[in-house]
Every structure is written in C-alpha cells, then in structure tokens.
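Everything on this sheet refers to the single structure shown next.
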Amino acid sequence: MQAYWRQVVLAGALLAAFPLGCGALPKEAAAPRLSVVATLDSVKFQPGEAVVCTVKVTNDGDAPAQAGSLSADTMEFWYGPGGTDLRYRRDVVRSIKEQGFDLITIAPKNAISRRFVLTRLTEEEGAFAFHALYSTGGNVPGTPGIAGPAFLYRVDGHPLFRRDGHGLIRKEDAVEVVKQKVADDVASPEIKLVRNEAGLLDWYVCAEAKGSGQPAKRAFFVNPYTGVIRAEAKPDATLEVAPHERTEASH
C-alpha cells in the first residue's frame, strides 16, 4: 500500500513539473475596460436652444474590446436639475434611415467618438447635470450601461425657440427664421413639415417677400431641430407630408 501512494505522489509531482501539451497553460484573457466621456458644445445655453453632444468611448484595457458602434441604440442620455436626484431621459435627433448599430472592435488604448443633437435639454432655466450611458450590446431595459462623469451646464437668458413635445421648433418660429433671412416681411407663408433626403425633418417655408416692386416668392428648408436655414428651396416644389407627421405639423 505504501508503494502505491508513493507512485501517486510521484505522478503528481511529474505533472506539476511537466504540464500537458507543448506549451504553458493559456492565460485568462484580460477583460476589456471601457470608459465614457460625454461633453456638450457649451456650458451655457438659451432656453429652447439645441445642444450638440460629443461622446467618446475609450478602451483603457490591454485587450481588444468587442462593442457596438455609437448610436441611439447603444447610448442613453439623461439630465436633471443640479443638486437633485431627479433625472429625465431625452432622445437624440435620429434619421429614419438609421436603424440599429454595427458590431465593432476597439483596439487597446484606442477610442471611438460621435456627435449627437438633442433638442430637449434646455426647456427650463437653471443649473443642470447631463449624463450619458453606453451599452456595448445595445440598450436593454433593466440593464445599466457604462456611465460617464456628469457634465454640468446652465440655461438662462431670452428664449431662443419654442418647441413642441417632439423637440421641434414651432412653425411660427420657422417663419421668423425666414423673415430674418430675407430681411423683410413675408406674406401668406405656406408651411409644411417634410422628410428630406437624409431621412430627417425640415420645415418647408414658402412665402412672398414684401419689398419694392412686385413681391417675390421664395422658399426655404428650415432645420426644425437647430432652427437654422438648411437650404433654399424651389417656391413651387411639390412636397407631401407623411401621414405620421401631420400631427406634428399642426402644432
């Protein structure tokens, strides 16, 4: 019996000294370490002003990280009054042509970034905290994403735009934008909310510009998110409003 146990001990010692196979046992892969930083394009905004957010996700680890590309399906944005725990989720401006996200690899010490436009972070005056959360596999209810540090900003001053519940500037404000462009009064404006070639919305404003001589009819596409004129349009353009956008256009 003693000889048997000596053989067992010897076999164990040999296995420890000479691992099975030609090489050493593989090391466990290092877990990816991702960090998120979101910054707004300013620290001070006027009420109703659109906000541009830049999100940067960095792989701080030593191994490649499999992740989802930055999109409305992998990012969540929240804000609330500074000094409180109240937080409200806000959606970003998104084209109907953008669906889902791509799976990508972030190399060690490398980063990916993208800009997003949000239109409902400046509805009230005050001091606010903005938060961005990133989910590598897409937003799943009940699953928290990777949170970045809070970005602090303030809203005050004269209201820049009035917005509806979808975050779009109202059609009356779109007309005012056109008036400022032509530096004149406009009469009988025709206003439609339409989809453009990028899958985003435009206010189409066509009106007669009152001036010396005969009134000249001009038309413009006004960006309903930022409130700037995107391009001049044909006065006689035939543009149909999609059924699901008619309610928005009526506000």
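Tell me yes or no: at least one residue of segment 21-29 is part of a loop (DSSP other than H, G, I, E, B), of a type in the set (A, V, I, L, M, F, W, C) and at pLDDT 95 or above.
no
Quick one: which residue in T84, T136, T105, T122 is assigned to a strand (DSSP E or B) and touching a strand residue (DSSP E or B) at 6+ places or on another chain (Cβ under 9 Å)?
On inspection, the qualifying residue turns out to be T105.
On the given criteria, is A231 at pLDDT 90 or above, in contact with a Phe, Trp or Tyr (Cβ under 6 Å, 6 or more places away or on another chain) and surrounded by fewer than 16 Cβ atoms within 10 Å (Cβ to Cβ)?
yes
Name the residues in segment 148-165 that are surrounded by 15 or more Cβ atoms within 10 Å (Cβ to Cβ) and in a strand (DSSP E or B), would you?
Of everything in segment 148-165, those that are surrounded by 15 or more Cβ atoms within 10 Å (Cβ to Cβ) and in a strand (DSSP E or B) turn out to be F151, Y153, R154, V155, R163.
So, in segment 166-201, exactly how many residues are part of a loop (DSSP other than H, G, I, E, B), under 23 Å from the mean Cα position of the chain (by Cα) and over 15 Å from A231 (Cα atoms)?
Residues in segment 166-201 being part of a loop (DSSP other than H, G, I, E, B), under 23 Å from the mean Cα position of the chain (by Cα) and over 15 Å from A231 (Cα atoms): 5 in total.
Report, ordered by the first and then the second residue, all pairs with beta carbons closer than 9 Å, sequence separation of six or more or different chains, a first member in segment 158-187 that is within 23 Å of E123 (Cα to Cα) and not assigned by TED's automatic domain parsing to the domain that holds T119, and a second member that is β-branched (V, I, T) and loosely packed, with under 15 Cβ neighbours inside 10 Å.
Filtered contacts from segment 158-187: V177/V228.
The values are calculated or read from the model by the stated rules, or taken from the named source; none is laboratory data. Bear in mind the structure is a predicted one, so any value in this text is a computation, not a measurement. As a convention, Cβ positions derive from the backbone with ideal geometry for all residues, glycine included, and neighbour counts pool all protein chains shown.
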